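Encoded as structure tokens, the structure appears first; notes follow it.
Please treat every number below as a calculation from the coordinates, not as lab data. Computed from a prediction, not measured in an experiment: that's the story for all the values here. Please note: Cβ atoms are built from the backbone with ideal geometry, for glycine as well, and neighbour counts cover all protein chains shown.
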Amino acid sequence: MGYKITAKENLSVIDFFMEVEAPHVARSWKPGQFIVLIVDEKGERVPMSVYYADKDTGRVGMFIRRHGVTTFKLWYEKQVGDELLSVAGPLGKPIEVKHYGNVVFAADAVCAQAECYATLKAMKEAGNYTIAIHSFETKDHVYPEKFLSKPVADEFYITTEDGSVGRKGHYLDVLKELIEQDKVDIVFAGGKLGSLKKLAELTRPYGIPTITTVRQIMVDGTGMCGSCRILYDGEVKFACRDGPMFDAHKVDWDDVIRRDSRFAEQQALARERYLA
Ligand code: FES
């Protein structure tokens, strides 16, 4: 049996929203965990962050960037009512949802924009004061507000690099101010690896716990293939099995960034093929 696409909507010049029927995932997913999609028999396994998982409807929402063969296929060739071959998961370890105090989620890429909503929703339900910081490049990259974390955030910020929407700058700028105001007890974040490296350096001197998604190219998603290995506190860990969220202060970010560039060429080829 396939997994029906139940909704699809454009979010920006580069990202889109998609919802699929996957009751087994919706039943057991917890914030921090991810899923793996396979579009068809010839499809690769593509890990996805979860925006929401609704136990009642059995539906799972996600945000997707058009940047590789599979994601272009999902946007251009698959419509609402079509089915995907597989939606596997939930995979990875959940984050610990409990009362921390003031919880920030900082996001500057598609996966993290989804994780921001999912994480803050759970943290708010656990009695935390929640602060969302969504960073985008320009107004063309900003999502419609109904897809952002406002309903689950006590404080809500949007930044763009050029200041065309929200504040000019990046989540790092907003976070620095919040830290200086002593308003941050823990930071969760995901998105661009270079930003996460800077985030770890920003929070380290203050001793603020910082839990970030470490995105690596995944193949099997089960800890068998070794593709997503990272150096963590001097040891080898696998993002798919031991993460994907880790203590940012223990991650070897230079190694993570170097390994992430391995598939840049294939992604550029896919962009050429679909956007020509
Ligand atoms: Fe293969 Fe993680 S994806 S070990």
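Here are the numbers for the structure shown:
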read-out: Total formal charge among the other residues, if their Cβ is under 12 angstrom from that of residue 120, Lys/Arg +1 and Asp/Glu -1; value: -1
read-out: Given charges at Cβ of Lys, Arg, Asp, Glu: the chain dipole, positive-most of 178, 36, 194; value: 36
read-out: Calculated P(r) of the chain - Cα pairs past 35 Å, %; value: 11 percent
read-out: Shape call, segment 102-261: gyration tensor on alpha carbons, a/c limit 1.5; value: prolate
read-out: For residue 8, net neighbour charge (Lys/Arg +1, Asp/Glu -1) across residues whose Cβ lies under 10 Å away; value: -2
read-out: Rounded to the nearest 20 debye, dipole of segment 3-91 from Cβ charges on Lys, Arg, Asp, Glu; value: 220 debye
read-out: Relative packing of peptides 170-176, 105-111, 214-220, 237-243 - highest average C-beta neighbours within 10 Å first; value: 105-111, 237-243, 170-176, 214-220
read-out: Top of 142, 25, 13 by mean-square fluctuation, Gaussian network on the chain, Cα under 10 Å; value: 13
read-out: Neighbourhood net charge (12 Å Cβ-Cβ; Lys/Arg +1, Asp/Glu -1) for residue 140; value: -3
read-out: Cβ crowding within 10 Å averaged over residues, with 182-190, 37-45 ranked highest first; value: 182-190, 37-45
read-out: Separation of the residue 9 and residue 78 label points, Cα + 7 Å toward Cβ, nm; value: 1.9 nm
read-out: Rounded to the nearest 20 debye, dipole of segment 102-261 from Cβ charges on Lys, Arg, Asp, Glu; value: 220 debye
read-out: Relative contact order (%) - segment 3-91, alpha-carbon pairs under 8 angstrom, separation at least six; value: 40 percent
read-out: Charged-residue dipole, Cβ positions (Lys, Arg, Asp, Glu), the chain about Cα centre, Debye nearest 20; value: 320 debye
read-out: Most mobile listed residue (77, 115, 201) in the chain, GNM with C-alpha springs under 10 Å; value: 77
read-out: Separation of the residue 24 and residue 177 label points, Cα + 7 Å toward Cβ, nm; value: 4.7 nm
read-out: Cα centroid separation, segment 168-199 to segment 101-160 (Å); value: 12 Å
read-out: Cross-link reach list, lysines versus residue 176, counting only Cα pairs under 26 Å and skipping chain neighbours closer than eight places; value: 98, 121, 124, 139, 150, 168, 192, 197, 198, 250
read-out: Computed Rg/Rh of segment 16-139, alpha carbon atoms with Kirkwood Rh; value: 0.99
read-out: Residue exposure sequence - 206, 52 - by fewest surrounding Cβ within 10 Å; value: 206, 52
read-out: Label-point separation, residue 57 to residue 99 (7 Å along Cα→Cβ), nm; value: 3.2 nm
read-out: Mean separation of Cα contacts under 8 Å, 6 or more apart, over the residue count of the chain: relative contact order %; value: 17 percent
